[in-house]
Amino acid sequence: MNEEKRTLSCTDCGVLNCHKRNASYPEFCLTEKLTDEDIAETTALYEDEENRKVSVISAEIEGEFYGKYTRVDEIIEFAKRMGYKKIGIATCVGLIEESRIFARILRKNGFDVYSAVCKVGSFNKTDIGLDEKYTCVTGNVMCNPILQAKLLNKAGTELNVVIGLCVGHDSLFYKYSEALSTTLVTKDRVLAHNPVGALYQVKAYYKRLLDD
């Protein structure tokens, strides 16, 4: 994209004064451009009981366990403080063993666990219009994140945890999940489910990501 036409935003900022408040905001700063109406409208949303509770508890956990708790620990602590009893797991079939371990950990901590694997329903990808040539490597049984969400909704889960759903499939799951959702594992088949590794290596092995 032409640099002159690009709209600047937070990733273009080298100041981050919104975080430290010890400098000046750049001219394009999103915080600086907010109106009183924008701020009031957003602040009002935190008056919603659930929004406020989630925000307060998340900040408490961050402040109390910063650099001490793994994400598994944080999910358990969050669920406990929120008063949740039933946890849903939306898992990729390729990470079913990891999901089984996580389910055991949740149950040991007193939670009721209900899970749905991505291939639930066992429908064909070609039934929704996918060209058969794209099934040669991974097979014709399609991932079904919408049904995963609907099954967890029906089960009455209070917090859903995503484990390794594909890009796009996770988006559909979040779209149809009625309960709050969080992610334990973000799939990256090449980098052992550590997608940020590509960003750390962008000046070396993965420099192709920035090639013109």
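The values are calculated or read from the model by the stated rules, or taken from the named source; none is laboratory data. Quick caveat, the model's predicted, so the values are computed rather than measured. Counting neighbours? That spans all protein chains shown, and the Cβs are built from the backbone with ideal geometry, glycine included. Surface accessibility is based on the protein's heavy atoms, side chains included, excluding ligands, DNA and RNA. Shrake-Rupley method; radii C 1.70, N 1.55, O 1.52, S 1.80 Å.
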query = Taking the condition surrounded by 12 or more Cβ atoms within 10 Å (Cβ to Cβ), of a type in the set (S, T, N, Q) and over 23 Å from Tyr174 (Cβ atoms), does Thr126 pass?
reply = yes
query = Looking at (1) without any contact (Cβ under 8 Å) to a residue 12 or more places away in the chain; (2) open to solvent by less than 20 Å² (accessible area, probe 1.4 Å), which is the only condition Gln148 fails?
reply = (1)
ask   = Wholly within region 1-73, which helices (runs of 4 or more DSSP H) include no fewer than the required count, namely at least 3 residues that are of a type in the set (Asp, Glu) and either more than 24 Å from the chain's Cα centre (by Cα) or surrounded by fewer than 11 Cβ atoms within 10 Å (Cβ to Cβ) (or both)?
value = 36-45, 49-65
key: Entirely in region 105-207, the helices (runs of 4 or more DSSP H) that have 3 or more residues that are touching a strand residue (DSSP E or B) at 6+ places or on another chain (Cβ under 6 Å)   = 145-155, 169-176
